[in-house]
Amino acid sequence: MPISSPQRLQFPPRSLFFTTLKQRVDAYLSEPGRRPTGNWRLFAKAMLALAMMFGGYAWLVWGASGWFEGALAAFVTVQGMVMVAFGVMHDGAHGSMSRRRWVNWLGGATMDILGSSSMLWRQKHNMLHHTYTNVDGRDDDIALGSLMRLSPSQPCRPWHRLQHWYAPLLYSLLSLYLFVFSDFQKVFSGKIGETPLQPRQWWELPYFFGAKLLYIAYALVLPMWFHPPWLVLVYFIAMHLLFGFTLSLVFQLAHTVEGASFPQPDQDGKMPYEWAEHQLLTTANFAPGSRLVNFYTGGLNHQVEHHLFHKVSHVHYPAISRIVRDTCREFGVAYQSFGSVGAAVAAHFRFLRTMGLPQPAQQGN
């Protein structure tokens with residue numbers, strides 16, 4: 001059964017495995033000329049992503065003529081948005097983009113430019129998802145109500161038998177759902193699931209609404225000065241569908257795949273595995289050897305390394321992955337990885353099909 005109260009969950013004390021692993025990763029990051037935050041490659045990619053997003057937007061609003069050119073401009077804009085979300089916002093929100101806090105804040109604030117909320121993301125993703133990965137009732141990423149079943153502890157509904165067929169449609173609605181409903185629901189209810197929001201500073205609520213208005217102004221109102229409103233809405237929705245689908249699929253490949261576990265606490269709120277082993281049991285890599293995938297996803301194909309060391313920039317994940325893999329092998333700890341994007345996608349949709357059955361195969365404790 002999912003956790004229905006905000007009681008504090010407790011992980012067992014840190015193991016020798018994680019102590020050893022952290023020492024080895026720290027030693028790697030402390031070598032001369034190296035630091036945990038991003039380097040020039042990250043900032044070059046950030047500039048490229050922002051140029052694609054804003055350049056594509058300008059092309060779409062003021063330069064494109066005809067459906068084909070408009071569709072091409074929209075596609076470029078969305079790819080820039082995806083790369084900003086994965087490679088700029090994600091590192092910035094985790095504080096791993098730069099040693100300067102204001103740079104990290106700006107990087108995280110690109111979430112607001114994309115239509116959602118950096119304030120909510122930091123608690124929903126950084127705190128809840130990264131601490132309680134795949135824990136039903138705490139990890140909001142697997143909480144889709146009755147629409148989909150993403151954990152063995154969630155009730156199985158008759159329509160879940162078809163969830164591996166309708167999942168892509170729901171995934172495509174992610175960014176629209178955040179912008180139109182979910183962010184406001186969390187702010188007005190004061191909760192993420194059953195977990196209360198952290199106390200806000202005085203400026204955060206005005207900032208939240210101001211950012212939403214700014215997004216509406218540049219994404220909808222300004223283009224309607226130059227194009228028919230119905231056409232702007234068509235492009236707006238179509239771009240969000242592609243954007244939402246891409247974001248959803250990449251994040252789903254990390255935790256809701258065959259082999260991932262879904263540990264639950266006992267009645268006293270005690271988790272069965274120490275935190276690092278919990279992350280390894282609930283997380284998987286995909287296409288770790290692909291430079292293109294690593295570049296495009298901002299290192300999110302190395303989710304194992306990201307979950308263990310989320311304060312480290314994604315530019316270090318390929319190198320760190322060798323340390324993590326070898327240490328896992330030495331201590332006999334699970335290390336899950338799919339060789340390609342296709343293999344991970346197939347494992348995800350097999351998982352969805354299994355979860356749609358009344359009594360699925362056990363996926364974890």
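A short reminder: the numbers here are calculations on the coordinates, not readings from a lab. Because the structure is predicted, anything quoted here is derived from the model rather than measured. Positions of Cβ are backbone-derived with ideal geometry, glycine not excepted, and every protein chain shown enters the neighbour counts.
Counting only pairs 8 or more places apart or on different chains, how many lysine pairs in the chain have C-alpha atoms closer than 24 Å? So the count of such lysine pairs works out to 11.
Here the relative contact order of the chain, from alpha carbon pairs under 8 Å that lie six or more residues apart, stands at 25 percent. The distance between label points at ILE323 and ARG122 comes to 2.7 nm (points 7 Å beyond Cα on the Cα→Cβ vector).
For segment 49-108, the list of chymotrypsin sites (Phe, Trp or Tyr not before Pro) that fall in a loop by DSSP and count at most 10 other C-beta atoms within 10 angstrom is empty. Label separation (THR354 vs GLU330): 3.1 nm, computed from points 7 Å beyond Cα along the C-beta direction. Between PHE338 and ASN285, PHE286, ALA287, the built amide H atoms are under 5 Å apart, and every one of these is 5 or more places off in sequence or on another chain. Under 14 Å from a label point 7 Å along Cα→Cβ of ARG291: give me every residue in segment 40-82 with its amide N that close. Counting backbone N atoms under 14 Å from the label point, the list is 41. Here the extension length gained between ASP266 and LEU213 equals 14.7 nm, from 0.36 nm per residue of separation less the Cα-Cα distance.
With neighbour counts taken as other beta-carbon atoms within 10 Å, the residues THR195, THR256 rank, fewest first, as THR195, THR256. Applying both filters, DSSP loop and at most 15 other Cβ atoms within 10 Å, to the chymotrypsin sites (Phe, Trp or Tyr not before Pro) of segment 197-235 gives TRP202, TRP203, TRP225, PHE226. Dividing the helix sum by the residues of the chain, where each DSSP H run of 4 or more adds -39500 (n - 2.57), gives a mean residue ellipticity at 222 nm of -15500 deg cm²/dmol. Helix 40-58 and the long axis of the chain differ in direction by around 40°, with both axes built from C-alpha atoms. For LYS191, the residues whose amide H sits under 5 Å from its own are LEU197, ignoring neighbours fewer than 5 places away on the same chain, with H placed 1.01 Å from N.
Matching the structure-derived Kirkwood radius over Cα pairs in Å against the labelled list (1) 20.5; (2) 21.4; (3) 23.4 gives the label (2).
Multiplying the residue separation of ASP26 and ARG100 by 0.36 nm and removing their Cα-Cα distance gives an extension gain of 24.7 nm. Using 0.36 nm per residue and subtracting the Cα-Cα separation, the extra length available between LEU144 and PHE54 on full extension is 29.2 nm. In plain terms, the residue of ILE113, ILE142 with the fewest other Cβ atoms within 10 Å comes first and the most crowded comes last, giving ILE113, ILE142.
For segment 134-139, the Karplus equation 6.51 cos²θ - 1.76 cosθ + 1.60, evaluated at θ = phi - 60°, returns couplings of 6, 8, 4, x, 10, 7 Hz by residue, with Gly and Pro reported as x.
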